[in-house]
Amino acid sequence: MKKANLVFALLIIVVVCSSCATMFSGSKKSVTFDANIKVDKPVTLTVDGYAYRNVTLPYVAQVRRGFSPSQAKLEVEGYESSHVMINKTFNATTLLNLLSWNLLGFLIDAASGSMMKPDYNSYEFYLVKPE
């Protein structure tokens, strides 16, 4: 009976630890965006094609995890549009899959993009007045 309980407990651990980065990190990450100057009026921030309108800086937006870089654009009245490229790095939470020797977890993390994360937690736009 003890052996059956041990096997059952190990099976539960394998299932729970599968795709660790997907479960613990999710498919998006909160990132703070700000500008090099103080902006007192509402702005439009576009991240991964989704526009956040009439927001104030600093602003926290969701950035997709995944293998390809994300792009962010800031539009402020009276200034030229500013762009930021958000590169991705490996999410170490994926390594928790090694605890259970779970190849399926790696595949799920890779397919969901949770295996990667944005390089930084915050990004700053450089605003310039048009000439």
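Residues that are surrounded by 15 or more Cβ atoms within 10 Å (Cβ to Cβ) and not in a strand (DSSP E or B) within the stretch 49-87 comprise 57, 65, 66, 76, 79, listed in sequence order.
In the stretch 29-44, is there at least one residue being touching a Lys or Arg at 6+ places or on another chain (Cβ under 7 Å), part of a strand (DSSP E or B), aliphatic (A, V, I, L, M) and at pLDDT below 95? The answer is no; no qualifying residue exists. Could you check, for the stretch 1-20, whether at least one of its residues is surrounded by 11 or more Cβ atoms within 10 Å (Cβ to Cβ) and modelled with pLDDT of 90 or more? The answer is no, given that none of the residues of the stretch 1-20 is surrounded by 11 or more Cβ atoms within 10 Å (Cβ to Cβ) and modelled with pLDDT of 90 or more. Residue 24: in a helix (DSSP H, G or I), within 17 Å of the chain's Cα centre (by Cα) and modelled with pLDDT under 95, yes or no? So residue 24 passes the test. Whenever a residue of the stretch 88-102 is part of a loop (DSSP other than H, G, I, E, B), its partners that are surrounded by fewer than 17 Cβ atoms within 10 Å (Cβ to Cβ) and modelled with pLDDT under 70, lying with C-beta atoms within less than 7 angstrom and at least six residues away or across chains, give the pairs 102/14. The number of residues in the stretch 88-110 that are at pLDDT below 70 and either exposed (fewer than 13 other Cβ atoms within 10 Å of the Cβ) or in contact with a Leu (Cβ under 6 Å, 6 or more places away or on another chain) (or both) comes to 4.
Every test in (1) modelled with pLDDT of 90 or more; (2) surrounded by 14 or more Cβ atoms within 10 Å (Cβ to Cβ) is passed by residue 117 save one, and that test is (1).
The values are calculated or read from the model by the stated rules, or taken from the named source; none is laboratory data. None of the values given here were measured: they were computed from a predicted structure. Cβ sites come from the backbone with ideal geometry, for glycine too, and all protein chains shown count toward neighbours.
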